[in-house]
Amino acid sequence: HGILGAAAMVALFPSEAILLRILPSRVGLWVHALMQILAICVLVAAVGLGIHLVQDMSDSDINSHFIIGLVVMACLILQPIFGIIHHEKFKRLRRRTIASYVHLFNGRICMTLGIVNGGLGLWIAGASDKLKIAYIATAAALWTLWLLTAIWGEWRIWKMTPRPCRRRKLRSPTSWTHQLGETSF
């Protein structure tokens, strides 16, 4: 349960979000989508094992880990739907919509909450200090890398978005389109 949960929340979800930002747009989009589906499958398996483990227990600490895990899984199962809606609307409108922000923030909140829940699971399981330190170090490193990549991606979008004061500097709509490029994130 713990290994699958950590693989999904600490390795797969952050990696697919990072790759989305650093790979060329079409390649990044496909890698993001396929890895997200894989991560969700691994997470569902982890939650299934967690349900099996918790059936005979009644500790309130275990219940909090269990409930957080179920909520994170339920929200992340919806991620591909939000992502498809975002992508289809973005292709048509060439701007972010409410679906875009739901997809972004649902993913960001769930990824962070899932990583924290993994630490809670290690504490509940009475894991060794070495294992806790290894989890925290790995999770913190990947979470930080993911956060920095997300900030960089948002900065790139902000930089390429025409502003009223920037429009005066642009010579024609053609040059604006050329500067904006194919970025859809």
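As I understand it, the dipole of the range 2-180 uses +1 on the Cβ of Lys and Arg and -1 on the Cβ of Asp and Glu, about the Cα centre. Which of Leu70, Val42, Ser100 lies farthest toward its positive end?
Of the candidates, Ser100 comes out farthest on the positive side.
How many nm separate the modelled label positions at Leu38 and Ile109, each set 7 Å beyond the Cα in the direction of the Cβ?
2.8 nm
Test of understanding: express the Cα radius of gyration of the range 57-147 as a ratio to 2.2 N^0.38 Å, with N the residue count. Walk me through the numbers before you get to the answer.
Values: Rg = 16.5 Å, N = 91, 2.2 N^0.38 = 12.2 Å.
This ratio for the range 57-147 stands at 1.35.
Excluding Ile151 itself, what net charge comes from residues whose Cβ is under 14 Å from its Cβ, given Lys and Arg +1 and Asp and Glu -1?
Charge balance in the 14 Å sphere: +3.
Apply the Debye scattering formula to the range 1-104, with a single equal point scatterer on each alpha-carbon and no solvent, then give log10 I(q)/I(0) at q = 0.14, 0.20, 0.23 Å⁻¹.
Once normalised to I(0) and log-transformed, intensities are -0.61, -1.00, -1.20.
Note down the net charge around Gln79, summing +1 for each Lys or Arg and -1 for each Asp or Glu among other residues with Cβ under 13 Å from its Cβ.
Counting the neighbours of Gln79, the net charge comes to 0.
Where a number appears in this text, it was derived from the coordinates with a stated rule and is not lab data. On a predicted model such as this, the values are computed, not experimentally measured, just so you know. Cβ sites come from the backbone with ideal geometry, for glycine too, and all protein chains shown count toward neighbours.
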